[in-house]
Amino acid sequence: MEGDIACSVLVPVFNEERYIEASVEAMLRQRFDGEFEFLFADGGSTDRTPEILERLALEDPRIRVLRNPSRTVSSGLNVALGHARGRYALRMDAHTVYRDDYARLGVERLAQGGTRWVSGPQVPKGHGSVSRAVALALSGAIGRGGSRKWGQDEPGEGPEFELDTGVFAGVWERKTLLEYGGWDERWTCNEDSEMAARFLTRGERLICLPAMAADYVPRDTVPGLWKQYFRYGEFRARTSRRHPRSLRASTLLPPAVVVAAASAIVAPSRLRRLARLGQAAYGVSLLGAGVRSLGQTGSLVDAALVPVVLLVMHFAHGLGQLYGWLKYGPPLAAMASLCHVDRLLTRTASAQQPVSAPSLDPGQRDPQRTGL
């Protein structure tokens, strides 16, 4: 019965056998005065993930394994949301380890009012050389950009703060997610940011609690990191196109780095010289990040990889954004918003579209939701 479930944990999974047991173990340790259900939506894993989850489900009846035929993160979240029965919904990822009181802290903050989305910082913890280098890169401003969602090594006890569209998972009342139509499945990446933009458009506050920090495992291969950040860039461009006010000025730095690199090769001579000076300064900043990282780690290899992974992250994200601008159209309204040109923003803003969530059970949807 729905009334017997307090929290529904929504977990999209795909080929997670390396981390899934540790993640599930951490999820099952949640300390909360109420019943849980754990909904794993598998997107057709080709490794042992389904086998492991089915075994765990036999050991603990709170675990339910669902099929996610569309195979994306956003569709998996909607599949799980459509089957959820709890008053509260928590998004958790299979490659992330959450604190034992994550759910309790989130629900208690929701009960205080003033917000309908509570989350914690994302703390990168590397398990291999590349992964550790990414974690080191994300410890500094040059890796984080303007995002405030990244946390430190240990959960903090500092005051809460507000986020923009740079968010990591979260805790909501289930009815709130249904009111907003779930996750838009046209966003196969950056899906939380797109939904956060819808919340912010309606004046919501997105609260981050340092004590809810969760450990996240970055990609451990350069090709995997490149693909991840290219997709981030592409869908950040799409989010900016649909939600103009979601664009941060810092988001434009990666495409600027790409354009400067191209200008250093093919631009007219005077501009080419300026671009090369800019690239030299950029290279020095990358090397500086590597030197600073050496003080944080005892591994020379990990520190030496920091400039490499930063270069990959910046160029992949920049090229992804440029590709997104070509694919979805230039974010003219977002640029106007950054320049505070409200009249141009009104003329260039794209029409709002309803949320596309075909994987969400039609019986669960809120017929009153808007297209925001």
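The values are calculated or read from the model by the stated rules, or taken from the named source; none is laboratory data. Just so we're clear, the structure is a prediction, and the values are computed from it rather than from any experiment. Cβ placement follows ideal geometry from the backbone for every residue including glycine, while neighbour counts extend to all protein chains displayed.
Within the range 35-59, the residues that satisfy the criterion of being crowded, with 18+ Cβ neighbours inside 10 Å and under 17 Å from residue 85 (Cβ atoms) are 36, 37, 38, 39, 40, 41.
The set of residues from the range 60-70 being surrounded by fewer than 16 Cβ atoms within 10 Å (Cβ to Cβ) and within 23 Å of the chain's Cα centre (by Cα) comprises 67, 69.
The residue that is modelled with the lowest pLDDT, among those in the range 333-372 that are out of contact with any Lys or Arg (no Cβ under 9 Å at 6 or more places or on another chain) and closer than 30 Å to residue 261 by Cβ, is 348. The residues in the range 100-140 that are free of Cβ contacts under 8 Å to residues at least 60 places away in the same chain and either of a type in the set (Asp, Glu) or not assigned by TED's automatic domain parsing to the domain that holds residue 216 (or both) can be counted, and the count is 1. Residue 197 meets each of the listed conditions (1) under 25 Å from residue 16 (Cα atoms); (2) crowded, with 17+ Cβ neighbours inside 10 Å; (3) modelled with pLDDT of 90 or more apart from (1). Only a single item in (1) among the hydrophobic types (A, V, I, L, M, F, W, C); (2) surrounded by fewer than 24 Cβ atoms within 10 Å (Cβ to Cβ); (3) over 18 Å from residue 99 (Cβ atoms) is not met by residue 32, and it is number (3). The set of residues from the range 247-274 being closer than 19 Å to residue 142 by Cβ, modelled with pLDDT of 90 or more and of a type in the set (A, V, I, L, M, F, W, C) comprises 252, 253, 256, 257, 258, 259, 260, 261.
Hey, among the residues in the range 109-131 that are assigned to a helix (DSSP H, G or I) and touching a strand residue (DSSP E or B) at 6+ places or on another chain (Cβ under 9 Å), which one's surrounded by the fewest Cβ atoms within 10 Å (Cβ to Cβ)? Top of the filtered list is 110.
Summed over the range 248-280, the residues that are under 30 Å from residue 163 (Cβ atoms) and of a type outside the set (Ser, Thr, Tyr) give a count of 11.
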